[in-house]
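Just so it is clear, none of the values below were taken in a lab; they were calculated from the coordinates. Everything quoted here is computed from the prediction, not taken from an experiment. Note: ideal-geometry Cβ built from the backbone for every residue, glycine included; neighbour counts use all protein chains shown.
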Amino acid sequence: MESEDKAKVINALGGKSGLIDSTLPSIFFLMAYNITHNLKLCLYYSIGVAALLMIFRLFRRTTLVHAVGGFIAAVFCAYFAWKTGSAKSYYAPSLWKNSAFLALYALSLLAKYPLIGVILGPILGENFEWRKNSARYRAYRDATWIWFGLFAIRLLVQYPLYKANQLNALGVANIFLGVPLYLLVLWGTWMVIKRVPVAKKLGDK
């Protein structure tokens with residue numbers, strides 16, 4: 001049961017496929033721009049990679065949710081960079097996204113409805129019963145703080161680089177704060193949550 005719950009948690013929070021689908025387009029964009037310095041061409045590369053990932057997921061008959069999300073994100077980033085004519089603007093939507101999530105996680109903590117609990121409660125079959133279980137509530141609260149820290153670190157590192165026009169440093173930071181840090185946060189979330197049993201509904205044995 002623990003392994004099943006772990007898989008549910010990881011998949012609900014993005015998982016490996018979500019990480020790949022959201023990161024690869026930006027990696028190809030940065031590599032291509034350093035080689036060609038042709039912004040328009042590199043934007044096509046980025047969108048093309050995102051489209052190929054969707055086709056790959058479709059061919060493998062796996063979930064398309066993350067691939068579609070990655071494609072939409074790549075198109076939006078490309079459009080903004082094309083509109084401004086600046087390569088660094090490709091990463092601006094990521095800053096907006098992290099800012100929005102930072103605010104959302106903070107608000108959920110202030111409202112005493114930690115967002116990780118809101119997301120995972122129904123998936124793990126406990127719905128909102130965890131709010132009546134102090135230990136389970138604290139686990140979800142702590143896990144939500146971990147995610148709050150993720151978005152705070154990204155902004156603290158990436159925003160100064162964006163303002164300083166440090167494209168390569170910004171791109172590299174986007175990769176390392178996207179992949180290794182994200183995996184660390186996933187692991188930390190699971191480690192916090194698994195220590196406390198799933199909250200049971202009244203009458204459940």
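Once you list every other residue whose beta carbon is under 13 Å from the beta carbon of Tyr33, what net charge do they have if Lys and Arg are +1 and Asp and Glu are -1?
Cβ neighbours under 13 Å give a net charge of +2.
Is the C-alpha gyration tensor of the range 15-112 telling us rounded, prolate or oblate? Criteria: a/c under 1.5 is rounded; beyond that, a/b larger than b/c is prolate, otherwise oblate.
Since a/c reaches 1.5 but b/c is at least a/b, the shape of the range 15-112 is classed as oblate.
List the relative contact order of the chain as a percent without decimals, with contacts defined as Cα pairs under 8 Å and 6+ residues apart.
Over the chain, the number comes to 22 percent.
Putting +1 on Lys and Arg Cβ atoms and -1 on Asp and Glu Cβ atoms, find which of Leu110, Asn165, Leu53 reaches farthest to the positive end of the dipole of the chain.
Leu110
In nm, give the distance between the simple-model label positions of Ser134 and Leu41, each being 7 Å from the Cα along the Cα-to-Cβ direction.
Distance between label points: 6.5 nm.
Would you please give the residues with an amide H less than 5 Å from that of Leu177, counting only those at least 5 places away or on a separate chain, with H modeled from the backbone geometry?
Answer set, sorted by chain and number: none.
Under the definition of Cα pairs under 8 Å and six or more residues apart, what whole-number percent is the relative contact order of the range 61-160?
26 percent
So what are the ³J(HN,Hα) numbers for the range 85-100, from phi and the Karplus equation (6.51, -1.76, 1.60; θ = phi - 60°), rounded to whole Hz, Gly and Pro as x?
x, 10, 5, 5, 5, 4, 9, 4, x, 5, 5, 5, 4, 5, 5, 5
Would you mind working out the magnitude of the charge dipole of the chain relative to its Cα centre, with +1 at each Lys and Arg C-beta and -1 at each Asp and Glu C-beta, to the nearest 20 Debye?
Its charge dipole is roughly 300 debye.
Which of rounded, prolate or oblate describes the range 95-205 when judged by the alpha-carbon gyration tensor and an a/c cut-off of 1.5?
prolate
Set the bar at 20 Å for Cα to Cα. Now go through Lys40/Lys97; Lys40/Lys163; Lys6/Lys112; Lys8/Lys112; Lys6/Lys194 and name every pair that lies beyond it.
Among Lys40/Lys97; Lys40/Lys163; Lys6/Lys112; Lys8/Lys112; Lys6/Lys194, the Cα-Cα distance tops 20 Å for Lys40/Lys97; Lys40/Lys163; Lys6/Lys112; Lys8/Lys112.
Taking the structure as given and computing semi-axes √(5λ) of the Cα gyration tensor in Å, which label from (i) 35, 19, 12; (ii) 25, 18, 16; (iii) 36, 23, 14 fits?
(i)
Points 7 angstrom from Cα along the Cβ direction at Tyr159 and Arg195: gap in nanometres?
Each label point is offset 7 Å from its Cα along the Cβ direction, giving 3.0 nm.
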